[in-house]
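A short write-up of the structure that comes next.
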């Protein structure tokens, strides 16, 4: 029998069984939670735990009870949806959290004071989709521990439920009347997916989970440390590298990896096969190659069919890799598998069989900032019936108070027209002004571009017109970068083209900058301040004068998020009004 026909038959049988045996509530968790949560020493019969141990055990048990209640509400209530429901979104200004967007069944924003439990906790533990957009250097560690604790509790509850139902089924005999169906599984074993930017982020998150699990037996641990750990020869960063760069790229910064992790009662196995794993951790590139999806032939993503919790960390860093891989992964999540993979369909939850798994998947996403690409993925693929909440505070801006900054707004009817509109304005308006005012002959012009395609297009234009130009992109060799920087500093090249990805991955310190032109606005507002620092350094070293140096930037209505982060929420409110080409000058 074909897999699709087999699935249809179980789907039909499940519908009949639901009419015969309504779903029964989960058993009382008191016994099981003692095994999972009791931290006291029970080796000796006469041993009396101290008060601190009792308090810790009680808090752990209470936490497990709350987690079990949230699990039951999310998966075993009257939440079997006929189809995903699109709920309207509302954005409000919260006194504690700043700007918050909510949708669906998220409930009221009853948020504790900052000194108490982090506000993310109540939404993550209740299986809502959560997006946190903000600086990660202050909150990353606490958010990681929160997510890992939630993930481990989810795996523990799922495992205990399956084991208890296995016991019930094993006790049935021919004389025992058939009880209610025990539907407690998905199509495949993997339940948790982490999408991460670097091997080091994977290494740190695994260590948190291992600490929570407390397993002494760890199979393939040495191999894991060797392939994902920082290594003994990690070189210190140069002094001028900023803190966010060090945080992202310290340790093993390779972005091609994937690993499966399997939990048993007494051990953890690293590098388990995906179909035997409970957790999958991977970079977008690593997971994309595992799926094997190409333009000519679809890949096999069956191991993603039963993901129940998805955590995406450093989403802003993933934008600087290949975002198409991220979108492809989201599109492959929670699809009905093409093969059975040894699945016991009598144990598969009904909403898996009905094709509604994506409505029960929780997505947790952390990012330094939002972008149209991130918002698009959220709106298309996050359909959680438990609701959605997005924390994205207002922006104070990155403007300099001393150097002149001019933002030119260009009318753009469509994002597809954006590249041509920018190029036309640059070649027909900006360049003639530079030639007439002697800016090109002066030199020291740094042109910042976010797209490599724009980089190639502008470079080719300069080659045709015979201008003295150099370029640094993410594909430029180390020798080419050194040559371009030296020629620019000496004045041999009057213009230097510089891409956003090159700055993201290398954070070069460019010397000899007299004027900065942003062909595109940077997605990361930190980059704006760093480019302004190039100008300030030239002024400080008397290479340039403050009256003759400035930053000029082009933007359209499609750059709203980028502009707001740079000029601030209040400043952008006035800039977004009006139509046609307009200039806005700061300070």
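Readers should treat all values here as calculations from the given coordinates under stated rules, not as data from a laboratory. Fair warning: this is a prediction, and the values are worked out from it, not measured in the lab. Don't worry about glycine lacking a Cβ; one is built from the backbone with ideal geometry, like all the others, and counts go over all protein chains shown.
Highest mean first, the peptides 526-532, 335-341 sorted by other C-beta atoms within 10 Å per residue fall in the order 526-532, 335-341.
Could you tell me the calculated FRET efficiency between residue 573 and residue 167, based on Cβ-Cβ distance and R0 = 56 angstrom, to the nearest 0.05? The partial results should precede the final answer.
Values: r = 62 Å, r/R0 = 1.10.
Here the calculated transfer efficiency is 0.35.
Note on 487, 498, 132: ascending count of other Cβ atoms within 10 Å places them as 487, 132, 498, the fewest first.
Sorting 344, 141 by the number of Cβ atoms found within 10 Å of their own Cβ, with the fewest placed first, yields 344, 141. How would you classify region 198-330 from its alpha-carbon gyration tensor, with a ≥ b ≥ c the square roots of the eigenvalues: rounded for a/c under 1.5, else prolate if a/b is greater than b/c, otherwise oblate? Here region 198-330 falls in the oblate category. Panel order for 508, 519, by other beta carbons found within 10 Å of each beta carbon, from fewest to most: 508, 519. Residue separation of residue 237 and residue 140 scaled by 0.36 nm, minus their Cα-Cα distance, works out to 32.9 nm of gained length.
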